[in-house]
Structure formats: structure tokens, C-alpha cells
């Protein structure tokens, strides 16, 4: 199966495959190694499924491993990064088994990424249209010149930029338009999955709303699966279907968005929600989370959240809780949910 | 305990001491300086009182008596080489000091004051930049009485342009950083801001630049001397080359008379380049590469066989 | 009624655009701040909300005297700021301090925390005795929540987290014991959990020290916990001004309504109809003739294109500049 031509999958994804996930990540673990220092466990044993047209929110404070996870999916880790365990299956292809040449052909054409602050990543001395055209030709060398221009116009229109701005340069675009252009570039080869790392940070709320609106339209119209990396729960509440809350490199909670916000089971998720200002209750004191996330090279022995957790017990200091499966597709790694858990998985001892 | 910030001068120097290439360059330069300083001790002869030379002493090949051979006048090449190092290095240091001082002040004021001052200073710099240095230097030195200090002055006054441009752009970028606006908002004056906020961030770059300007100045001095415009009372390496070249060293087979000063120049220039590159690596740690091509390194997980467990279906039921 | 700490009247800051030389006067101006009037009371927090390019940061810089206003007056604690120069301006500035958006950029990376916080004292030649200065630096660090101060004095900014850096910036502002804090997007670069800490700190400073705060932001969500009143700014003008609860629950200007609708609610059940304005803030050199918001306004009428609505009082302390407010 693995030797099958990659391009065949483009057609395969067109019929809706509701049951089968587009992207399936299982027990993924990433270390940062910089001898002689001990390895930093940036991501440990993270699993999730992403269906067609689904938006997954990857949430956590800075340094919780969410960006590392995103980069590992793309196999774009910095030099010290090592994928030490797990599997990443993109439409039946095991990405971690591919050699770099095959991965390079899949990257962008099947799984594309919009980077944080991407709008500043455009080449300032080349027309935006040319830069998108280059992304197209990179993966389809047979495409003709006229067809490329047609495709660029199509992409620009898709992200809400008038086609006549194709020949303009990045400085003639506003910040929001540059971010749209970057999304157009990510869409150039019809990928099945887009990983968007903080796509609206540093943008105004109105522009942020425009970008979020664009992303939800793309998933509706193209069936695009989106992984949205963010620290802003407000964005998650706006457009995500499922949420994966990360803390100290592990999954704290993985749940449908409504449950995560209205019946959160992990104390960290609860604390994050309490720290969020509520426009309906102005002047109310916000609850901050005292302390700071753990350093990934010096993790506490027990539960990683225990040092900051208001409900921490004796037991939490000694052993790390497994990720317990709860009713309604909710998962939480906390001893408090052990009683109601249907099952456990994702503990470090499994194969 | 961390005692300084990675971007500062002290930390730059400390990191530099771990840079192999830079340390090799520094050792090479220190050796050259030591030879120059201790020339009277090391040199087998006194250049002021040369031994009486006959026609038989001209272009003698290297021997125990003359380790580097003798030159066209029957003088010991090693002695001239050691004393020439003094002249060449001195010209290099003094001229680059002048160049860096002018360039630094020009760059700082143009970048910091901005507006019309910047415009005038930079147009002037551009004019200096397009005038070919060497011909102008040749004309000036030829018109004055050849003296070491004239050469130092000419090289210094013509060599500041690249420094000015570099320092200006660094000043501009530091000036636009938020902490400068914050200092202004606090009420700090221009002089305070330059001294406390701009200069510390410009300084490491200035040091790198100085090292490169030194090698350039030594090269320029050699060129002028080779063209016969050197100070005859202070023979430098360039002048040794000039004498050897114009007085038939090659036809007489006395290659050693050319080799010693040539190696000396290359040695010092190479030393400065290595130091400069080492410093640059320390200041620009982002030169580190990406490991996209080395897949085997990135993925270290144990090989997996068709493990098809989805999160919804716990694998340890 | 006591007079307000800050009284801004008809303030206008224009920037010339394009090539201007000695020989030619500039033809066009950016109306960065255009006819703005507001007060801030002692111990009051006013939020200034708007998109980037609406002039809110220029307004702060004008208050500080870093930009010269074209016309209008700024009365600060009974002193006319626009008339001050040199040492007088410097002395008046002591009472108003600014906190910037990016705590990674606004601290000099080569200075230790102790030096950064002491800098305002050195610049203003205050507390010249070493022991006196150290005591005030420690007090400021404690007031900013960096306890115990000894831990932080010798550190460099890169050794601190984002939240700690912003606290250092706040400590450096507090060390002069100012009466007004200008906070320009102080939390927008920070994680949500740390935002809460910084916002709570500002609210606490307001209550315990009676410091007035001008809180500048593009995100209505972040100001609810600290602001007493909200001023919404669009293209250099204040289009709505009122008590926080009034503006949030009964917005009168269509722009405020749109901003509120796109501010993410903290719950997926509260997903609401978003009023997404097309495009971005128009070019401030070419202002539309009538209402400035008309070209993007979802409910604009012919009248709006013809005449510019003034800021009118609707009820006590609530004003809006809309013909149909």
C-alpha cells in the first residue's frame, strides 16, 4: 500500500469519507536533544483524529508543545527535534516512514502549513501572484503558464482577494490581505489538511474575524481539515469542532468543543476558561493561573499540572495520570475523572 | 549565574573564545604582533648597522647565517621581515583606528539624527565610496613628501566609508526598537539614549568591522609601498616586495626575497579574516542549518508495523 | 465635582504625507487624530478601542508630548501640556508613564531588570542616593508583583517570561509614581492566562493607588475587567463613548456593534451572528465626505454619505456619533 503513487490519493479524498479520518496521529512523541543537557520531552504520547471538514483546536500556553506538535506533523522540526515514537497517518500514508523526497512531495500538496506571522514571510520584491504560482509549479511541473495564472486567480478569489491584485507586491497589501495570500498559497495544491499556527495573532479583531470566516468557509466548501494552533480560547469557541488542550507536552483534555467549554473535566482547562474575560460580566476580577508551565527538560515527577493545580492530591505528585476516556468522546488526563472513566489509554506504558 | 547578555560585548568575547576558527585567527595575529614587538631581540642583525655587503652577498639562498636568505643589497631578509612587520602592523592599526573612528561617528550621527543630516552625510559617504581609493591615495601620497604618517592618514581618511554605512544601518534598526521609544517616553535625552541604548548594541558590530578594516589597511599600505610610494626610512613588507621586484629578485632566482614579505601579508590578512568570521558566527548564531535532509536523524521512533489504532478505539481494551 | 486629571479638547494631530521639501509644502495630511475630546478622572480607567491605524497610538504619543498636536489642548493636572517645552515638559512627563505592547521589544536586552527599573529615576535625576534609589526600585518591583525583588534585580529580560517582562515594564513605569498610566496594548502579545494576571494588576493599581489609566487596545474583550468607560475610535475620531456596561450591552454606533459581534465569546454556545466589515480601515489621507464610517457601514443611508454626524449625548455619559444612534 505504501508504494502506491501519492497523486492517486487526491482523487480518493473527493467522495466524503465520513467515518475515516483524514489525519490520524497516534502516540506521537517528540524530544529536543542538545547534549550534554538532558532531552526535553516537548510532546509526549499525543493522539488525535481529524475528519474531513473538521477543525481541531490545539490549545495551550506558550511552551506547552503545541507548535512542536504542528511542526512534527509536517516533519519540519528544528535540528534538535527528534520524533521518538508514534505514527502520523495521512489518508493511509504513514508520514514517518517516508523518505525525505517523498515527504517533500506530500508536504504542501497534501498537508500544508500557515505559519505564525506568515504575512511577513512573503518575498517583498516579487509579485504576490508569482509567489503563489511558484508554489503551484513546485508540485506540478507539467502545468502550463495559462493554467497557472487561471489557478492563481481562482485561489485569490477563494480567499477574497480581487484577481486584479495578482500582479501587486506584498507592500501594496494590508496585513490581513497578506495573511489571506499565505492561506491561498497553502491551498495551492488542494491539500487535505492545513495546519494553521496562530494564524490571527497580531491581527486586529475585525481582520481576525475575516480570517476565521474564511477558514470556516474553506472547510465547508472544500471539506478542508484544519488544525488550528492557538492560545486564544475565544477563537476555539468560534470555529473549532474539537479541542486538544496541551499542557507540558501531554494531552490534558481532548473533547468536542461544547464539552470542553461547558463541562471541562481537567482542572487546567477549567483554569484557562476562568482566565478568559467575559464581556457579559464586566469589571469582574479575572482568575489567573498562578505559577508558570513546567520546563520541558525538567518535568515534575507526577502530573505535570500538579504544581499549579488547585485540586492537586498527594497522588498527583507521584504518578502521572493516564488519559482517561469519558462518555461522549471526551478524554482527560486527571485522577479526578478516574471514577467516571470508561477506559484508559495514552498512558506511557502502552505499546 | 549568568553575568551578561548574549548580545553584549563581554558575552560576545566569551563566546568568541569558544570559536575555533576565530581563536586560530587570533593566535596568528598575536604571533605576528609578538614578532614585531620583539623584533630587536629576535632579529639576527641590526638593520641600522647592516653588515658590510659585497657583490658576493647579494641574493644568497637561505642558510644558517641568513635563515631567509639575503636581498638585493645583501641584507638579511629575516631582519628586514621582522622590522617590516612593525611598520606594516603599525600602519594597519593606526589607519584603521582613524577609519573606524570617522566611520563610527558618521554612521551613528547619520542613523540617529536621521532626516537631512542623514541625507547629507550619506551622500558624502556615497561620493567617497565611488571615488576609487587607490588612485586617489597614490596621487595624494605622490604629491606629499613620503612619510609613514601621511600614509596612515591617507589610508584612514579614505577607508571609513564601509564602516559608516554599516554602523548607520545598525543604528537605524536599533533606534526603531521599542525600548528606545520607551526611554524617550520616560523622558531621556538624545545623548543618554545613544550612550545607554544605541552604543551597546552597535559595539559588537563595530569590533568585527575594525578587524576587517585593519586587514584592509595593511593591504592598502602594501600596495602603496609596492608601487614605490612608501616611506624609505621605514621599510614595510610592501616595500620589501617593491625592492625585490624592481631589483631583479626573480631574474636572479632570489625568490626568498619575495616569499617572506608575501607570506607575512597573507598571514596577517588571513588572521584578520578568520577573527572577523569567527566574531560574525558568534554574533549570528542563526547561521545554524536546518536538518530537513537528514530524515534518519529526525525520526528515531521504533519501526512500526501496520498499527491502526485510532484514538476513539482504545488499544488496550 | 472635582476637575478631571486629564482634559483633552479638540485635539488634532496631522502628519504631512509624501515628498515635502524646503520648496514645497505638503499637499496632503494623514488625519491621525482628528478633533478628539475626552476626560479621564483621578483613579479612572478609560479604554480606547479601535483597529490599527485608527489613531489610538498616535493619541497616546501626543499626550506624552512625543508627537506635537496640530491644534487643540491637553490639560493634565491643571497644566497645559501643549505649551510646555524642554525641562518643563520633562518634569510634567514624570507624572505620566507609558507601557508598550511588546514586552520582548520594549526592554533593552542588554540591561538588567534593576537597571531598567532605575532608569527613569536616573533620567529625571531623582533619588540620587544609592540606597534611596534601590529602595524605590524594590518597591516598584513589588508593586508590579515581582516578589521578592532580589530575585529579579540582576536578571536580564531574556531570562524572564513574557508576563514577567511586562511586569518589569510596569515597575519601570511605577517607579516615578505617576498619576496616569498609558497602556498601549499591554496584553495583546501575552498568553491568555498571563493576560488575566496583568489586567488584574492594572485594576489593582487603579484601586489601591488611584492611578488613572488609558488602556489602548483593539480587543474589546480585554478591557471589560479594568475599564470604567470605553471610547471607541474610528479613523481618528471617537465615535462612541460611555460607561463600560452601557457600551457593551447597548452599543449605539454600528461600528461598536460590529466590533462587539466579532469579539470572540468564551463559549461555543454563544456563537453569534458576526457583523464582518469588508476590507480594512480606509486610507486616512482620503477621508470620505460624510460620516467616516459610511463606506463600510452595514446600515448606511444616503444621509450618512452627505453629512458628518457629530458626537451627540444619548443618555447620561453615553455619546455616539451616528445619525441613527
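Can you put B:93, A:305 in order, fewest other beta carbons within 10 Å first?
Listed from fewest to most nearby Cβ atoms, that is B:93, A:305.
Run the quick spin-label model on residue B:37 and residue C:324: label points 7 Å from Cα toward the beta carbon, then report their separation in nm to one decimal.
Distance between the two pseudo-spin positions: 8.5 nm.
Take residue A:328 and residue A:101, extend 7 Å from each Cα along the Cα→Cβ direction, and tell me the distance between the two endpoints in nm.
Those two pseudo-labels are separated by 5.1 nm.
Angle check, please: helix C:162-174 long axis (alpha carbons) against the longest principal axis of chain C (alpha carbons), in degrees 0 to 90, nearest 10.
Tilt of helix C:162-174: around 80 degrees.
Once a ≥ b ≥ c are taken as the square roots of the eigenvalues of the Cα gyration tensor of the range B:1-127, is the result rounded (a/c under 1.5), prolate (a/b larger than b/c) or oblate (a/b not larger than b/c)?
Oblate, because a/c is 1.5 or more while a/b does not exceed b/c.
Rg/Rh for the range A:119-188 to two decimals, with Rh computed the Kirkwood way over all alpha-carbon pairs.
Rg/Rh: 0.93.
What angle do you read, to the nearest 10 degrees and between 0 and 90, between the alpha-carbon axis of helix B:237-246 and the longest principal axis of chain B?
Rounded to the nearest ten degrees, it is 50.
Calculate I(q)/I(0) for the range C:100-177 by the Debye formula, one identical point scatterer on each C-alpha and no solvent, and give its log10 at q = 0.24 Å⁻¹ to two decimals.
Scattering profile of the range C:100-177, log10 relative to I(0): -1.10.
Based on other C-beta atoms within 10 Å, arrange A:266, C:124, A:281 from fewest to most.
Sorted ascending by nearby Cβ count, the order is A:281, C:124, A:266.
Sticking to Cα atoms, compute the Rg of the protein assembly as shown to one decimal and its Dmax as the biggest Cα-Cα distance, whole number, in Å.
Taking only Cα atoms of the protein assembly as shown, I get Rg and Dmax of 34.1, 114 Å.
Given the options C:223, C:49, C:30, state which has the largest fluctuation in a GNM of chain C using a 10 Å cut-off (strictly under) for Cα springs.
Among C:223, C:49, C:30, the largest GNM mean-square fluctuation belongs to C:30.
Can you give me the Cα centroid spacing of the range A:194-267 and the range B:135-207 in angstrom?
A separation of 50 Å, based on Cα centres.
So what is the orientation-averaged projected area of the range A:248-298, using the convex hull of its C-alpha atoms, in nm²?
Directional mean of the projected Cα hull area for the range A:248-298 stands at 4.5 nm².
If you line up the long axis of helix B:255-283 against the longest principal axis of chain B, both from Cα atoms, how many degrees apart are they, to the nearest 10?
On a 0 to 90 degree scale, this one is about 20.
Per residue of chain A, what 222 nm ellipticity follows from adding -39500 (n - 2.57) for every DSSP H run with n ≥ 4, rounded to the nearest 500?
-8500 deg cm²/dmol, from helical runs alone.
Please report the antiparallel percentage of the DSSP beta bridges confined to chain C, to the nearest 5.
60 percent
Ranked by Cβ crowding within 10 angstrom, fewest neighbours first, how are B:41, B:100, B:24 ordered?
B:41, B:24, B:100
Would you compute, from DSSP H runs of 4+ residues alone, the mean residue ellipticity of chain C at 222 nm, taking -39500 (n - 2.57) per run and dividing by the full residue count, rounded to the nearest 500?
-9000 deg cm²/dmol
Using 0.36 nm per residue of separation minus the Cα-Cα distance, give me the extension gain between residue A:315 and residue A:262 in nm, one decimal.
The residue A:315-residue A:262 span can extend by a further 16.4 nm.
With equal scatterers on the alpha carbons only and no solvent term, can you work out the Debye log10 of I(q)/I(0) for the range C:221-325 at 0.19, 0.23, 0.24 1/Å?
-1.01, -1.34, -1.41
Between residue C:91 and residue C:313, what FRET efficiency comes out of the Förster formula 1/(1 + (r/R0)^6) with R0 = 45 Å and r the beta carbon distance, rounded to 0.05?
With R0 = 45 Å, the Cβ-Cβ based efficiency is 0.80.
Using just the helices of chain B, give the 222 nm mean residue ellipticity in deg cm²/dmol: DSSP H runs with n ≥ 4 each add -39,500 (n - 2.57), and the total is spread over all residues, rounded to 500.
Helices in chain B give a 222 nm mean residue ellipticity of -21000 deg cm²/dmol.
State, to one decimal in nm², a quarter of the convex hull surface area for the C-alpha atoms of chain B, i.e. the direction-averaged projected area.
29.6 nm²
Read-outs: derived from the displayed coordinates by stated rules, not from any lab. What you are looking at is a predicted structure, and each value in this text was computed from that prediction instead of being measured. Note that each Cβ is placed from the backbone with ideal geometry, even for glycine, and that neighbours are counted across all protein chains shown.
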